[in-house]
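The values are calculated or read from the model by the stated rules, or taken from the named source; none is laboratory data. In this text the structure is predicted, and so the values were computed from the model without any measurement. Using ideal geometry, Cβ is built from the backbone for each residue, glycine included, and neighbour counts are taken over all protein chains shown. What goes into the accessible areas is simple: the full protein's heavy atoms, side chains included, and nothing from ligands, DNA or RNA. Shrake-Rupley method; radii C 1.70, N 1.55, O 1.52, S 1.80 Å.
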Amino acid sequence: MRHLIDPLDLSVVEIDRLLDLADKIAENPKDYSQVCSGKKLATLFYEPSTRTRLSFEAAMLNMGGSVLGFSSADSSSAAKGESVADTIRAVSCYADICAIRHPKEGAPLRASNYSKIPVINAGDGGHQHPTQTLTDLMTIRAKKHRLNHLTIGLCGDLKFGRTVHSLIKALSRYENIRFVLISPEELRVPDYIIDNVLKAQNIPYEEVENIEDVISQLDILYMTRVQKERFFNEEDYIRLKDSYILTTAKMKNAKPDMAVLHPLPRVNEIALEVDDDPRTAYFDQVQNGVYVRMALMMTLLEVEHA
Ligand code: NCD
């Protein structure tokens, strides 16, 4: 039985296969409308979510399966003090596959150790978010027709942004990737990613504070929200929250084929005027997230399809 806890749980070959399947689903979604008939997805969300939970549910419903679950810790037995281990033991009796989002780093991994069904990490604290990464990779591939030979700018809260951590891990396995890490000093990429991923594999990267200085070099600009809920004090959040605001004026210096991604939700970091720029891809990401989660659940459930 396979789980998806960390983006590196899938090999590069498996990711390529999964993205090919997601592309095929996107071309003809109706062909897949019954592939998970009789299957049940449980969504265990201990933290707020719009896209991740609804796209998982839409993905399962699109394949003829059904869904059950909870969307806040308060409405589950976690509020009574139940452990994730006991919850997953119960959920294993009700569903065929589950997606877990939890504020504690490592909770989905712990769940997977007690689970009888595939567990998908739908975001664990400030740690990892592998299915957002699959969405991001599908979108980058659609826009740039490749996942190698890219200069990727990651901008915003690189400390707490789990989508950033997972994307760096996943992209670091492709050839000739260079990262430009754009953040305030306090919100830099954690040392464990710098040391164990970037330095360990000799992947070129630079850390800068100013987006204007580097925007012209980028093939991809990945904007992120400052993660309010992970700050220890409100003053720091207020001071840092508007560190970056992407505007059409700043976009003028970017390459004509740069793609702008954002996992969403957006707060202030991309001005609404930028939405009309054909280089933006954040609403494509939302759509791709459904297809890639269909492909992922088919893969983990070992569903056959011609
Ligand atoms: C992200 C998350 O939850 O980490 N959202 C998402 O899943 N698309 C990004 C964020 O909350 O800023």
query: Roughly how many debye, to the nearest 20, is the charge dipole of the chain about its Cα centre, given +1 on each Lys and Arg Cβ, -1 on each Asp and Glu Cβ, and no other charges?
result: 700
query: What number in nm² do you get for region 84-162 if you take the convex hull of its Cα atoms and divide its surface by four?
result: 6.4
message: In the chain, if the dipole is taken from +1 on Lys/Arg beta carbons and -1 on Asp/Glu beta carbons about the Cα centre, which of Val286, Leu4, Tyr174 is farthest to the positive end?
response: Leu4
message: Using a Gaussian network model on the chain with a 10 Å cutoff between Cα atoms, which of Asp257, Asp191, Asp157 fluctuates the most?
response: Asp191
message: At 7 Å along Cα-to-Cβ for each site, give me the label-to-label distance between Asp31 and Lys250 in nm.
response: 4.1
query: Across all directions of projection, what mean area in square nanometres is found for the Cα convex hull of region 266-306?
result: 4.4
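Only four residue types carry charge here, +1 at the Cβ of Lys and Arg and -1 at the Cβ of Asp and Glu. Report the dipole size of region 130-284 about the Cα centre in Debye, rounded to the nearest 20.
620
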statement: Quick calc: nm separation of the 7 Å Cα→Cβ label points for Val12 and Glu229 -> 3.5
task: Give the relative contact order (percent, whole number) for the chain; include only Cα pairs under 8 Å separated by 6+ residues.
output: 20
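On average, how much accessible surface per residue is there in region 130-284, in Å², for a 1.4 Å probe, leaving out ligands, DNA and RNA? Don't skip to the end; give the middle numbers.
Numbers: 6640 Å² over 155 residues.
That works out to 43 Å² per residue.
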field: Charge dipole of region 130-284 about the Cα centre (unit charges at C-beta), most positive-ward option of Ile193, Thr139, Thr151
entry: Thr139
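Determine the dipole magnitude for region 73-120: charges of +1 sit on the beta-carbon of Lys and Arg, -1 on that of Asp and Glu, nothing else is charged, the reference point is the Cα centre, and the result goes in debye to the nearest 20. It would help to have the intermediate numbers written out before the result.
On the way: 6 positive and 5 negative charges, 16 e Å.
Dipole size: approximately 80 debye.
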- request: For region 1-128, with all protein chains present and a 1.4 Å probe, just round the carbon and sulfur fraction of the accessible area to a whole percent.
  value: 49
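Quote the FRET efficiency, to the nearest 0.05, computed for Arg239 versus Asp277 with a Förster distance R0 of 35 Å and r equal to the Cβ-Cβ distance.
Working: r = 29 Å, r/R0 = 0.82.
For R0 = 35 Å, the calculated efficiency reads 0.75.
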query: So which of Lys159/Lys228; Lys169/Lys199; Lys159/Lys250; Lys144/Lys250; Lys143/Lys255; Lys104/Lys159 end up more than 18 Å apart, counting from Cα to Cα?
result: Lys159/Lys250; Lys144/Lys250
- prompt: Once Lys and Arg get +1 and Asp and Glu get -1 on their Cβ, which of Pro263, Leu19, Val226 lies farthest toward the positive end of the dipole of the chain?
  reply: Leu19
field: Chain lengthening between Thr50 and Glu206 when straightened (0.36 nm per residue, less Cα-Cα)
entry: 52.9 nm
- prompt: Whose amide H sits under 5 Å from the amide H of Leu4, counting only residues 5 or more places off or on another chain, with H placed in the peptide plane?
  reply: Val119, Ile120, Asn121
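With an 8 Å Cα cut-off and a minimum separation of 6 or more residues, compute the relative contact order for region 107-216 in percent.
Computed value for region 107-216: 23 percent relative contact order.
Per residue Cα convex hull volume for the chain, in cubic angstrom? Don't jump to the answer; show the numbers that get you there.
Details: hull volume 39.5 nm³, N = 306.
Taking only Cα atoms, the chain has a hull volume of 129 Å³ per residue.
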- request: Give me D for region 130-284 in µm² s⁻¹, whole number, from Stokes-Einstein with Rh from the Kirkwood sum over alpha-carbon pairs, 25 °C and 0.890 mPa s.
  value: 158
- line: Mean projected area, convex hull of alpha-carbon positions in region 21-165, reported to one decimal in nm², is 9.7
